[in-house]
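Data block below; observations after.
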Amino acid sequence: MAALRPFFVGRDAELAALLRLWEGGGRLVSVTGPAGVGKSSLLDAFEAAIDVGEVRVLRVDASELPDAASLLDSIRHALKMSLPPESVVPRGLATALDAQPTLLILDNLEHLVGAMTPLLTQWLENAPELQLLVASRVSLRDPVEQRLALDPLNDLQTERAIFLHHLRGRAPVIAQSLEDDRKLDDLLALLHGLPLALELAAARCALQSVEEVQARLRQGYAIDSASGESPRRSLRASMEASYELLPDEARTALVQLCVFADGFEARDAEGVLDVDGDPLALLERLYDHSLIVR
């Protein structure tokens, strides 16, 4: 089955906010959110909507890049720099980025945030007409950063539209039969407003009934893409990767917070967290990693 292009709907407010940050001259803008929430799709819509004029737009996907050196080399290729890879240094890239007004978009940066944030700050200092747009599960925690937090969808009509859009691409007859079927709402409630989860569940419903998919979710089975596809297509793998990015004390806090099935207040969290340090500081760290939302 061929993969469908992302279906962008229900994010008009977030797109408008991102456009305002761009038009206002934001130097370092981040789009953060949990795995599968639609950060890359928002970047796609943003690129399609902006009037770039004389601004050079470069986009690099860091999802499959193992380290900062690989990312720097990918940026070099995007800039069409003639330097051989071993000669690439941040200073040379900063000079190239300053050659003309530039918007550099870095997607899926979460695993490289620690290594890249100081370099990005340095580039902004050395290239006055450079704007950076970063998509990441993890906030850069930089004073210059303007953060747009992308939360899961919270509109049943939008979630239904996304689900049915993907199901039509695989099983149009089944999709038509479910258009007015309210039992679909119970399944959607288990997907927590994540566009990737909606897409993956739609693919599963081309093979199984809504009730069967819903039952497997309630039994704790994950709905993921076919084996061999990118780990980015697996919610389980993405969540495991997000967990690995946390410091030890934040991992402990996240596990302890699992006692809350339907959300919690900060004061309730303080009552259950048995950790060293300030519980509120740990909540802030989990928020910065997009593992809890407000």
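The values are calculated or read from the model by the stated rules, or taken from the named source; none is laboratory data. Treat the numbers as computed from the prediction; the structure is a model and nothing was measured. Cβ sites come from the backbone with ideal geometry, for glycine too, and all protein chains shown count toward neighbours.
Looking at segment 143-174 only, could you name the residues that are within 17 Å of GLY25 (Cβ to Cβ) and surrounded by 17 or more Cβ atoms within 10 Å (Cβ to Cβ)?
From segment 143-174, those within 17 Å of GLY25 (Cβ to Cβ) are 143-148; that's our starting set.
Matches in segment 143-174: GLU145, ARG147, LEU148.
The single condition from (1) under 21 Å from GLY193 (Cα atoms); (2) crowded, with 18+ Cβ neighbours inside 10 Å; (3) more than 21 Å from the chain's Cα centre (by Cα) that ALA261 fails is (2). The helices (runs of 4 or more DSSP H) found entirely in segment 236-290 that carry 2 or more residues being within 26 Å of ASP224 (Cα to Cα) are 248-256, 279-288. Looking at segment 124-143, which of its residues are among the hydrophobic types (A, V, I, L, M, F, W, C) and at pLDDT below 95? The one that is among the hydrophobic types (A, V, I, L, M, F, W, C) and at pLDDT below 95: ALA127. If I ask for residues that are in a helix (DSSP H, G or I) and either more than 15 Å from LEU194 (Cβ to Cβ) or modelled with pLDDT under 95 (or both), which ones from segment 1-38 would you list? Correct list: ASP12, ALA13, LEU15, ALA16, ALA17, LEU18, LEU19, ARG20, LEU21, TRP22, GLU23.
Only helices (runs of 4 or more DSSP H) whose full extent lies in segment 108-198 are considered here, and the ones with at least 1 residues that are without any contact (Cβ under 8 Å) to a residue 60 or more places away in the chain, farther than 28 Å from LEU93 by Cβ and over 22 Å from the mean Cα position of the chain (by Cα) are 156-168, 172-178, 183-189. Inclusion of SER63 among residues that are buried (at least 17 other Cβ atoms within 10 Å of the Cβ), in contact (Cβ under 8 Å) with a residue 12 or more places away in the chain, closer than 30 Å to LEU188 by Cα and not β-branched (Val, Ile, Thr) is not warranted.
Table: residues versus (1) surrounded by fewer than 20 Cβ atoms within 10 Å (Cβ to Cβ); (2) in contact with a Phe, Trp or Tyr (Cβ under 7 Å, 6 or more places away or on another chain); (3) β-branched (Val, Ile, Thr).
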residue: GLY10; (1), (2), (3): yes, no, no
residue: LEU18; (1), (2), (3): no, yes, no
residue: LEU28; (1), (2), (3): no, no, no
residue: GLY33; (1), (2), (3): no, no, no
